[in-house]
Amino acid sequence: MSTLVANRGLLRFVHYAFMPNQLGYCGGDDARALMDYAAAGQTDAGLEPMLRKFSGALPYLKLIARTNGLADPFDERVVEAYWIGNELLERVEMRQLYDDLVARFAGHLPPQALKWVAGKAPAGARPHHNFHVFDVHSRAGDRSMSLATMDACRISWGTVVADLGGEALVERQRLALEDGRLALSTSIVEAARYRLDGRGFAGRLAKGTPVSLHWGWICEVLDADEVSRLRRYTAQHLALANETL
């Protein structure tokens, strides 16, 4: 390995990408190495090539970076914009997202489905992970995606009720179908993991700690502003999804 450093953008991406990679849904066959980096909190030149294998996320990162004048798609601000949401999303113009979606999926989707996906850009979509889950993946990826799968795949937030050691009880809202529309349900308490085979990158979690979750995995501790932004972009893209559900 080359000299180890702590590249916060790369590490933060791993926090969200590790569990779907571990489950075999995206990225390369690198889950053990990703955990090594994240658990150590250090990076080197070997990590970024692994992350570029995440073909679902990388085009969005590149778009966010390019339209904000940033050279690095794994700049921490870009990574945060994609997974949580921040002001960088607002600087991506409608036409830029539209053209990017058309270029990405032309030839892979029937014309009507491509029109449906790209049409979300002028309707107000942003290049956020939850947009991809609610509106893109269900058309361009797994068209039989269940509600439970969509709920696990989106980035959600919750509050720690109890730390059980290796996993925690977290209060959060599940995705539900109410009167034919996607909505966030009343809160439930469920277990979420933060260690696998004794290793992880979240420390012990105090009761009341707000966290983000992806595929039943606690990604990181959030502050109040991050929770607010994730709530806002989730609500925005749920509303968009419901327009053409």
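Coordinate-derived values only; no laboratory data. Predicted model, so just to flag it, every value in this text is computed and none were measured. Here the Cβ is made from the backbone with ideal geometry for all residues, glycine too, and neighbour counts use every protein chain on show.
A few comments on the model shown:
- Backbone amide hydrogens, once placed in the peptide plane, bring L70 within less than 5 Å of nothing, excluding anything fewer than 5 places away on its chain.
- Qualifying aspartates and glutamates (Cα of each under 13 Å from Cα of K120; at least 8 residues distant if same chain): E93, D99, D100, D135, E243
- Based on Cα contacts under 8 Å between residues 6+ apart, the chain shows a relative contact order of 17 percent.
- Amide H contacts of E167 (H built 1.01 Å from N, under 5 Å, at least 5 apart or other chain): Y194
- ³J(HN,Hα), Karplus 6.51/-1.76/1.60, whole Hz, each residue of the stretch 239-245, x for Gly, Pro: 4, 5, 4, 5, 5, 10, 5
- Rounded Å value of the spacing that divides the Cα centres of the stretch 10-40 and the stretch 82-141: 24 Å
- Cα shape, the stretch 147-243, gyration tensor, a/c 1.5 rule: prolate
- With the charge dipole of the stretch 147-243 set up from +1 on Lys and Arg Cβ and -1 on Asp and Glu Cβ about the Cα centre, the Cα lying farthest toward the positive end among the listed residues G203, A241, L175 is that of G203.
- Unit charges at the beta carbon, dipole of the chain: most positive-side option, L70, L47, G119: G119
- Loop-resident trypsin sites (Lys or Arg not before Pro) (DSSP state other than H, G, I, E or B) in the stretch 62-93 with no more than 14 further Cβ atoms inside 10 Å of their Cβ: R91.
- Ranking of V102, V117, V189 by count of other Cβ atoms within 10 Å, fewest first: V189, V102, V117
- Cα pair distances exceeding 28 angstrom across the chain, given as percent: 30 percent
- Under 19 Å from K53, Cα to Cα: lysines that are on another chain or at least 8 residues apart: K62
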